[in-house]
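The values are calculated or read from the model by the stated rules, or taken from the named source; none is laboratory data. Everything numeric in this text was worked out from a predicted model, so none of it was measured. Cβ coordinates were reconstructed from backbone atoms using ideal geometry, including for glycine residues, and neighbour counts include every protein chain displayed.
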Amino acid sequence: MTSLGTMCPVCGVEGITWKMVPKYRYTESGLDNVLLMGSGVRQAKCTSCREKLTHIEAEWQLQQVIAIVLLRKQGLLTGSETRFLREAANLTQEELASHLDVKRQPTISDRERTDGPAMKYTEDLGFRVVILHQLLRFLTENPKENFLSKAHFDILKNVASWLTDKAEELLAAKQAKQDLELQRDDSIWTAETLKEAA
C-alpha cells in the first residue's frame, strides 16, 4: 500500500490523517455502479481548506480490471460502459467509428450518452471484439501501460479469443445461404432440423 504523506496536496498544510474506506462508490470512473471493497481506498479531509481527498491504490490497474469485467459482462453494454471501454483501449471516438465502420462520429457520441443499452446484440458483440483487440494491441505495444497481473492478462486474451469465435460464427451464419427443406407428412409440415430437435 502506498505511503501517503500528511501534507494536503491542495493547500500544502500539514496534519491530514488518512482513513481506510471499506466500501466506496467509484463514480470517478464515469460509471455509477462500481463499488470498491476492502482496503484499496483511503480518504482524508483537510482542516484548513476543507477539501475532501480520496486516494485509490493502483488506480490504473483497477481501471484495466474494470475493463475486463465489462467485456465479460452478461447482457448489453450501457452508454457509459462503452465510453469507459473505448477510453481503456486508448481510442478516440473517430478511431472507434472507423474500426466499427460507422459513417458518422456523432453516432459513437450518441451511443455513449445512452442510459440503457447502447447497441443491439450484434453491434455490441462487434464493439467488444474491436475493443478487446485494440486493448490487447495497446497493452502489448506499450508494456509500461500494462498494469494487469499475468492472470488478468491471460483472462483478457481468452475473452478475446472466445468473442472472436462468437463473432465469426454469427457472421458465417448471417452470410450462409442455404435452402430450407420442408416436407408435408401425416398432415403436418416439418423439416429435418425440427426432427433432430424433437
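Assess whether Thr114 counts as being farther than 18 Å from Val65 by Cα and either at pLDDT 95 or above or in contact with a strand residue (DSSP E or B) (Cβ under 8 Å, 6 or more places away or on another chain) (or both). So Thr114 fits the description; yes. Filtering region 93-100 for residues that are assigned to a helix (DSSP H, G or I), acidic (Asp, Glu) and either under 21 Å from Asn33 (Cα atoms) or in the same structural domain as Tyr26 (by TED's automatic domain parsing) (or both) leaves an empty set. Would you confirm, using the coordinates I've provided, whether Gln64 is surrounded by fewer than 18 Cβ atoms within 10 Å (Cβ to Cβ) and of a type in the set (S, T, N, Q)? Against the criterion (surrounded by fewer than 18 Cβ atoms within 10 Å (Cβ to Cβ) and of a type in the set (S, T, N, Q)), Gln64 does not qualify.
Condition first: among the basic types (Lys, Arg) and in contact with a Gly (Cβ under 9 Å, 6 or more places away or on another chain). Now tell me which residues in region 66-116 satisfy that. Residues satisfying the conditions are Arg83, Arg111, Arg113. In region 5-25, the count of residues that are under 23 Å from Phe153 (Cα atoms) and crowded, with 18+ Cβ neighbours inside 10 Å is zero. Annotation: of all residues in region 172-191 being out of contact with any helix residue (DSSP H, G or I) (no Cβ under 9 Å at 6 or more places or on another chain) and within 21 Å of Phe127 (Cβ to Cβ), the one that is modelled with the highest pLDDT is Ala172. Can you find a residue that is part of a helix (DSSP H, G or I), among the hydroxyl-bearing types (Ser, Thr, Tyr) and not assigned by TED's automatic domain parsing to the domain that holds Ile131 anywhere in region 24-41? Scanning region 24-41 turns up at least one residue that is part of a helix (DSSP H, G or I), among the hydroxyl-bearing types (Ser, Thr, Tyr) and not assigned by TED's automatic domain parsing to the domain that holds Ile131.
Do you know which residues across region 47-71 are without any contact (Cβ under 8 Å) to a residue 12 or more places away in the chain and within 23 Å of Leu136 (Cα to Cα)? Glu59, Val69, listed by residue number.
Against the condition in contact (Cβ under 8 Å) with a residue 40 or more places away in the chain, in contact with a Pro (Cβ under 6 Å, 6 or more places away or on another chain), surrounded by 15 or more Cβ atoms within 10 Å (Cβ to Cβ) and not hydroxyl-bearing (Ser, Thr, Tyr), how does Leu76 come out, does it pass?
Details: in contact (Cβ under 8 Å) with a residue 40 or more places away in the chain: yes; in contact with a Pro (Cβ under 6 Å, 6 or more places away or on another chain): yes; surrounded by 15 or more Cβ atoms within 10 Å (Cβ to Cβ): yes; not hydroxyl-bearing (Ser, Thr, Tyr): yes.
Spelling it out, Leu76 is indeed in contact (Cβ under 8 Å) with a residue 40 or more places away in the chain, in contact with a Pro (Cβ under 6 Å, 6 or more places away or on another chain), surrounded by 15 or more Cβ atoms within 10 Å (Cβ to Cβ) and not hydroxyl-bearing (Ser, Thr, Tyr).
Within region 29-55, work out how many residues are closer than 30 Å to Thr82 by Cα and in contact with a strand residue (DSSP E or B) (Cβ under 8 Å, 6 or more places away or on another chain). The number of residues fulfilling the criteria is 14.
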